[in-house]
């Protein structure tokens, strides 16, 4: 028997009645433009009867009409005899597959119905120019495999396009039979575009590695095994002279905590060219490691690295050719960043003066190299040092930041927005992060931004607190619920902890504005308010593996992807009364410890992703407010601020400079009130006292309830 005839008979056999329908997946739809999903509607629940593929003559496969040509040489395929056979077969196949005249109207109606059900049909031109639309049904079935198509009754035919169980497949040639106007096509396009085809917004920071799986995660070394020495057996990277310094482990921590793709492109090539520039990066990593592990005294490797980097910088200063080169400035800048984390203010002031001399000898910030990337980094380090110490920055850096911080962003751009930086008037980036930002968060951030803008505007005009400023302050203090109140009705999520961190930071900022006192004094005043409700409020469980101790959660010993973390984690009662066992702790220490626990529960592994600008605002505000507080907590907040700044600065240098300029103005204005000792005349004291009394009354009502 002819093999083609056998194949034809096999293809025309009726399918088994137990055959289950095959659904088209999203990947298949992306590969085949003609196989499209109907838009899902949660309201449509129409019964659907599935039937096997039709066995009409027009839908039969073309296996029986195939023509096989054999030859011994390539020239045999182009012989006159074979070419004649091919032309005859092609013409005969075309004539046998030509549609009958009576089927035109029915197919046109069916095709119009299918076109109307397509959610993203643009115009007739797009449909006609699609080469896949000119193929025959049997050819498509042969290429894609047998796919079951839904069939419904005549009464449900018009409503079947919006059924969630419907899979629409356009298998009719539509080159000359599309009867939908361009206007109707656009209306259906706007009305039925599914959300799954809307492109997500770009991330604020592109990570250094885009793949979640890393090779070294396949093996977890033991507690006494090395994590880096076997990977570099020939010591190709720069090594520290002190044997107690583990360059590999610090480099790993630096990559996990601070590494981004932009850093690898713009910064790392210059860092690895110089020993003191490379070792200075490890100074930041070591100081950050000490800060997040709660070490009040610096570790041996931090002191050894800092001493060695200072020695290498001093050697470069002796040589006139390397005195003010980019490598020396990079090393000194990163050394200053490590001193910011370690709260070494005396050494920091000495090195700031030396940096000013080096830049003046170089010719100014505009003359620095790395294609203009070095000057913004030096500037934000100097500005952040001034903000965290609550002092006025140097004029040269403030002038450079003001000149290079203005940029026009389109509405679709992803930028680190915060109450300190909102160039488009609205939080466009935060609005697109619907899964991470709640409406209550947006309202709170709008109120804080409005209060900061109004205060800076009034301070420039030598005015005191207006009625609008007092109303916003009262709203921030009274109308936003605490996380303890939210826990009474539902389980807490990561978004709730982020909201709690925003609320506490907003209260500190609002108190500093209303009382016209520095942030460090405002922290003391805010800690004494009963409205914070730190004692009855719950604390995050320490079992949650979301903390800066495992910054990216993809180290050789731990993996965030495999961590047992639930976004709606219950809170242990043993941790909810943690501060009740610390009667000697001051209110400021209690507040800072509580806020640190809240931030640890908010998933700091990716610096809050789309809310990175908000986290930077929190870290800078609380870091400046904790200037005179416990050294362990102060170093923790400064380490968080430096980490977020490094992550954001290489992709958003203008936003970083604008944020630091704004908070620098706020720090300068709140501490520049000559009569801040007598506030009874301006009414700030009465407002804060009234808010405190209101908080006490609400607390008494809750206790009675």
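The values are calculated or read from the model by the stated rules, or taken from the named source; none is laboratory data. These figures come from a predicted structure and were not determined experimentally. Note that we place each Cβ from the backbone using ideal geometry, even for glycine, and neighbour counts take in every protein chain shown.
Residues being under 20 Å from residue 325 (Cα atoms) and either modelled with pLDDT of 95 or more or outside any loop (DSSP other than H, G, I, E, B) (or both): count how many of those fall in the range 335-386.
Adding up the residues that qualify gives 28.
Residue check: is residue 624 within 17 Å of residue 417 (Cβ to Cβ) and touching a residue at least 60 places away in the same chain (Cβ under 8 Å)?
Against the criterion (within 17 Å of residue 417 (Cβ to Cβ) and touching a residue at least 60 places away in the same chain (Cβ under 8 Å)), residue 624 does not qualify.
Quick one: residue 615 ticks every box in (1) buried (at least 24 other Cβ atoms within 10 Å of the Cβ); (2) not assigned by TED's automatic domain parsing to the domain that holds residue 506 bar one, so which box is it?
Of (1) buried (at least 24 other Cβ atoms within 10 Å of the Cβ); (2) not assigned by TED's automatic domain parsing to the domain that holds residue 506, only one is false for residue 615: (2).
What residue, of 491, 413, 484, 395, is out of contact with any helix residue (DSSP H, G or I) (no Cβ under 7 Å at 6 or more places or on another chain) and in the same structural domain as residue 366 (by TED's automatic domain parsing)?
Of the residues listed, the single one that is out of contact with any helix residue (DSSP H, G or I) (no Cβ under 7 Å at 6 or more places or on another chain) and in the same structural domain as residue 366 (by TED's automatic domain parsing) is 395.
Quick grid of which residues meet (1) modelled with pLDDT under 95; (2) out of contact with any strand residue (DSSP E or B) (no Cβ under 8 Å at 6 or more places or on another chain); (3) not assigned by TED's automatic domain parsing to the domain that holds residue 459; (4) not in a loop (DSSP other than H, G, I, E, B):
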residue: 502; (1), (2), (3), (4): no, yes, no, yes
residue: 524; (1), (2), (3), (4): yes, yes, no, yes
residue: 555; (1), (2), (3), (4): yes, yes, yes, no
residue: 558; (1), (2), (3), (4): yes, yes, yes, no
residue: 561; (1), (2), (3), (4): yes, yes, yes, yes
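Got at least one residue in the range 273-284 being under 27 Å from the mean Cα position of the chain (by Cα) and in contact (Cβ under 8 Å) with a residue 60 or more places away in the chain?
Yes, there is a match, as at least one residue in the range 273-284 is under 27 Å from the mean Cα position of the chain (by Cα) and in contact (Cβ under 8 Å) with a residue 60 or more places away in the chain.
Please tell me if residue 315 is modelled with pLDDT under 95 and part of a helix (DSSP H, G or I).
Yes: the conditions hold for residue 315.
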